[in-house]
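Below is one structure; the comments refer to it alone.
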Amino acid sequence: MKRRDLLRSFGAAMTTSALVSPAAAAELKGFPEQTAMSADHLPRPAMKGGGFQVFTQENDRKILAAVFDRLIPSDKFGPSASEAGCLEFLDDQLAGRYGEGRALYLEGPVRPENEEAIMGSPQFTQTPRQRYEDGLKALEAYAKATDGVAFHALSPGRIDEILSGLEEGKIELPNGVKGKWFFELMLQNAREGYLADPLYGGNRDMAGWKMIGFPGARYDYRPYIERQGENLKLEPVSLIPKD
Amino acid sequence: MANWKKIGAGIAVIAVVAAIGAGGWAWHSLNTVASNVADDTTRLADFKSTDQAAIERGEYVMRLGDCSACHTRENGKFAGGYEIGTPFGTLVSSNITPDAGTGIGSMTERDFFNAVRQGIGQHGMLYPAMPFTAYRKFSDQDMHDLWAYMSTVTPVKHDIDENAGMKFPYNIRLAMAGWDMLFFDNSGFRVDGSKDDAWNRGKYIVDGGGHCAACHSPRNMLGAEMGSAYLQGGNLGEWFAPDLTSNPHAGLGTASAQDIANYLQTGSDGVAVAAGPMAEAVEHSTQYFSKADALAVGTYLKSLPASATQPGPVQPVDTPAMQKVALAYEVNCSACHGLGGEGIEGMVPAFKANHGLLSSDATNMIHAMLQGARAAHTHDRQTAAGMPAFDWKMDDRQIADLLTFVRNSWGNTATPVAASDVGRLREFLKASKKMATP
């Protein structure tokens, strides 16, 4: 879809929605009699029974784990990103709508010269899944070219050095991969995997929430509202049964 | 439902009894002399009452008896078609509109009296799913009024073969003659002169049209209500009809007659909230009771001597294991039921001092946990608040522990709930298993 078409379609939607009710909506009168759970109302946890769908190559998983575990290493505060399921989380996300960039505008800019000034942040024509495919290849190629070994075989100190270089824009990756932008994508996804509800496959045993003291999907805080300046030590609660 | 298993097994035994032929014995239980007060010439299809007062009284009698609960389904008002699944086949409620071919249009008033009060229908003996054993208590006046009301019902052509889905030998209506001989008390309501009018009116409603004992009394091996445990609570398989005697632990001991009246008229007395089959009874029947009648029912029930049920030994809830359960209560239940088990008045049941939930039979609580439940929707309380299902979220042990906690907190005392009971009901209701998680 072209950006102008997209914008026009928003306008069209605005004008028609007031007049026409969406055909797909179910109309309820009175109140629903049934209270039993039906299968299509249940949350669907990201289950890894079938193995990885996007990161099918072992070497890709090793590179990603090497990067993620430097971003969130295992220490006295909690498990590392890969131990907390961030790879599984990311694989599940990339296998679905997020990986396909369904919510993203993926056509080229109409006026490339104005792009950065108008948008204020980098824009991509690749889907997140494609960016990982190219990005991991580029990291591997970079390690082989500079250090002569596979990326995952690098020392933690050397990986830190490379990641810092990417973050600061001082290292350019091969095949046109923008190093700074790929670093930011990985950092963002590692955080999401570590802190999103366990429903999505990461944040295993709610380790991320326990680390920062986030109580999760609790319904009601009235019992605690008066208890200020105190560590409440609340057990976090997930959207799916995690007990 | 368990009741139906018992009734079905009873029918098998009774078929033999009937075959032996206890002629003289049969004479009393099948005697229809009480119907002699009714006209036996005009068919319902040829009659339309113009006595507005009688029609209105008759509609009220219909509400007391809750006829529409079974006889009104999607086929039209009173056109029948409600399927009652039993282990012995399916029974279907009949078409009681004045249609001559498929309804009761060819019945005379006398035939109608025979069907409602004696269990003798136009196609033979009625099954005890029709509570004629209770309706036997209906006064002649109420029956005449009900007849007048039924004449105003729009005829619907809807053919029903009530017992075609019943398996042999349960499809033989004559077998019910034997059941009647053993269990049918063929006598009308007797006023007790030593009690006041409200008490007598209450007993008339409870034992007659209200047919409360149909669920709230336990049944014996042959599917008949046990008089010795009258209104002391009955298990219906997937639900439990609580003790209605003045037992202070599991019955109505701490409720006032007015509390009971409020419950019947609105679906809640401020502590308990009607759900399940009782919500249906409130919606279709008891919310239409007059203030005087609702209070009369309360007055009568409060006069019943307390059952012998004792509270179970108190289960300590201050153990470390139970404190984990307390957290589960806080997270899953407290938003509506309150941290003190106080509920939301008239909308969400309290647990504190909600004695209907403290019986040794915890079926209702287990059912609500597995499939959720909905409060009665009445004129006075329109919210019909829903309780969500937790079958997908908790296993049998977790549900059992949570209920044991609730039944022993805030001053409550009740027997612990067994995980095996939760498992049995989970299977029976075809509720889902606890969800597998990554």
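Taking the Cα centre of the stretch B:320-428 as origin and assigning +1 to Lys and Arg Cβ atoms and -1 to Asp and Glu Cβ atoms, the resulting dipole is close to 40 debye. For the listed peptides B:240-250, A:30-40, B:149-159, a ranking on the average number of other beta carbons within 10 Å per residue, highest first, reads B:240-250, B:149-159, A:30-40. The stretch A:107-146 and the stretch B:224-284 have Cα centres lying 69 Å from one another. Using every pair of distinct Cα positions in the stretch B:320-428, the Kirkwood expression returns a hydrodynamic radius of 14.2 angstrom.
What FRET efficiency, computed as 1/(1 + (r/R0)^6) with R0 = 60 Å and r the Cβ-Cβ distance, is obtained for B:Glu74 and A:Asp75, rounded to the nearest 0.05? It comes to 0.40.
In this simple spin-label approximation, B:Gln258 and B:Asp197 carry label points 7 Å from Cα along the Cα→Cβ vector, and these lie 2.1 nm apart. Solvent-accessible surface of the protein assembly as shown, averaged per residue with a 1.4 angstrom probe and all protein chains in place: 49 square angstrom. Accessible area per residue (1.4 Å probe, heavy atoms of protein chains only) ranks B:Met130, A:Met47 as A:Met47, B:Met130, with the largest value leading. Taking a ≥ b ≥ c as the square roots of the eigenvalues of the Cα gyration tensor, the stretch B:153-204 is classed as oblate, since a/c reaches at least 1.5 and a/b does not exceed b/c. Charge tally for B:Cys336 (other residues, Cβ to Cβ under 11 Å; Lys, Arg +1; Asp, Glu -1): -2. Anisotropy class assigned to the stretch B:26-84 is oblate, per the alpha carbon gyration tensor with a/c at or over the 1.5 cut-off and a/b no larger than b/c.
Solvent-accessible area assigned to carbon and sulfur over chain A amounts to 53 percent, based on a 1.4 Å probe. If a/c stays under 1.5 just call it rounded; otherwise compare a/b with b/c (prolate if a/b is bigger, oblate if not). Do that for the stretch B:193-316, with a ≥ b ≥ c from the square roots of the Cα gyration tensor eigenvalues. Verdict is rounded for the stretch B:193-316.
Rounded to the nearest 20 debye, the dipole magnitude of the protein assembly as shown is 620 debye, with +1 charges on Lys and Arg beta carbons, -1 on Asp and Glu beta carbons, and the Cα centre as origin.
Annotation for the stretch B:333-374 versus the stretch B:77-119: alpha-carbon center distance of 37 Å. Neighbouring Cβ atoms from other chains, within 10 Å of the Cβ of residues in B:326-338, number 3 on average. 3J(HN,Hα) couplings calculated from phi for the stretch B:58-64 with the Karplus curve 6.51 cos²θ - 1.76 cosθ + 1.60 (θ = phi - 60°) are, in sequence order, x, 5, 5, 4, 4, 5, 4 Hz; Gly and Pro show x.
In this label model, A:Leu106 and A:Ser155 are separated by 4.2 nm, measuring between points 7 Å along each Cα→Cβ vector. Scaled to the globular estimate 2.2 N^0.38 Å, the Cα spread of the protein assembly as shown, given as radius of gyration, is 1.31.
If R0 is taken as 45 Å, the Cβ-Cβ distance between B:Asp318 and B:Asn171 corresponds to a FRET efficiency of 0.20. Backbone phi angles across the stretch A:178-189, fed through the Karplus curve with coefficients 6.51, -1.76 and 1.60 (θ = phi - 60°), yield HN-Hα couplings of 6, x, 4, 6, 5, 4, 5, 4, 5, 4, 4, 5 Hz in residue order; Gly and Pro are listed as x. Extension gain for B:Lys291 to B:Ala326 (0.36 nm times residue separation, less C-alpha to C-alpha distance): 8.5 nm. Dividing the alpha-carbon radius of gyration of the stretch B:2-183 by the rule-of-thumb value 2.2 N^0.38 Å gives 1.02.
Near A:Gly201, the amide H atoms lying under 5 Å from its own belong to A:Ala46; only residues 5 or more places off or on other chains count, and H is placed 1.01 Å from N. Using the Cα coordinates of the stretch B:262-331, the gyration tensor eigenvalues translate into equivalent-ellipsoid semi-axes of 34, 19, 9 Å, sorted from longest to shortest.
Amide H to amide H, with H built 1.01 Å from N, B:Gly165 comes under 5 Å of B:Thr90, counting only residues 5 or more places away or on other chains. Taking 29 Å as the limit for the C-alpha separation, the pairs A:Lys233/B:Lys430; B:Lys77/B:Lys137; B:Lys167/B:Lys393 exceed it in the case of A:Lys233/B:Lys430; B:Lys167/B:Lys393.
Axis angle, to the nearest 10 degrees, between helix B:419-428 and the longest C-alpha principal axis of chain B: 40 degrees.
Every Cα-Cα pair of chain B was included, and the share exceeding 26 Å stands at 58 percent. The phi torsions of the stretch A:66-81, fed into the Karplus equation with coefficients 6.51, -1.76 and 1.60 and a -60° offset, translate into couplings of 4, 6, 4, 7, 8, 5, 10, x, 6, 7, 5, 8, x, x, 6, 4 Hz, rounded to whole numbers, with Gly and Pro shown as x.
Per DSSP helix of 4 or more residues, -39500 (n - 2.57); summed, then divided by the residues of chain A. What does that give at 222 nm, rounded to the nearest 500? Walk me through the intermediate numbers first.
Working: 9 runs with 103 residues, N = 243.
It comes out at -13000 deg cm²/dmol, rounded to the nearest 500.
Rounded to two decimal places and with Rh computed the Kirkwood way over Cα pairs, what is Rg over Rh for chain A? My calculation of the ratio gives 1.04.
Distant-in-sequence amide contacts of B:Ser94, defined by a placed amide H-H separation under 5 Å and a gap of 5 or more residues or a different chain, comprise B:Gly81. For the stretch B:320-428, carbon and sulfur atoms together expose 56% of the accessible surface, with a 1.4 angstrom probe and every protein chain in place.
In a DSSP loop and with at most 13 other Cβ atoms within 10 Å, the trypsin sites (Lys or Arg not before Pro) in the stretch A:159-243 are A:Lys170, A:Arg227, A:Lys233.
Inter-chain Cβ neighbour count for B:367-373, averaged per residue, equals 2 (cutoff 10 Å, partner chain atoms only).
Using alpha carbons only, the radius of gyration of the stretch B:53-156 set against its Kirkwood radius gives Rg/Rh = 0.94. For the chain pair B and A, the buried solvent-accessible surface (1.4 Å probe, both sides summed) amounts to about 2100 Å².
The values are calculated or read from the model by the stated rules, or taken from the named source; none is laboratory data. Being a predicted model, the structure only gives us computed values, none of them experimental. Cβ coordinates were reconstructed from backbone atoms using ideal geometry, including for glycine residues, and neighbour counts include every protein chain displayed. SASA here: full protein model, heavy atoms, side chains in, ligands and nucleic acids out. Shrake-Rupley method; radii C 1.70, N 1.55, O 1.52, S 1.80 Å.
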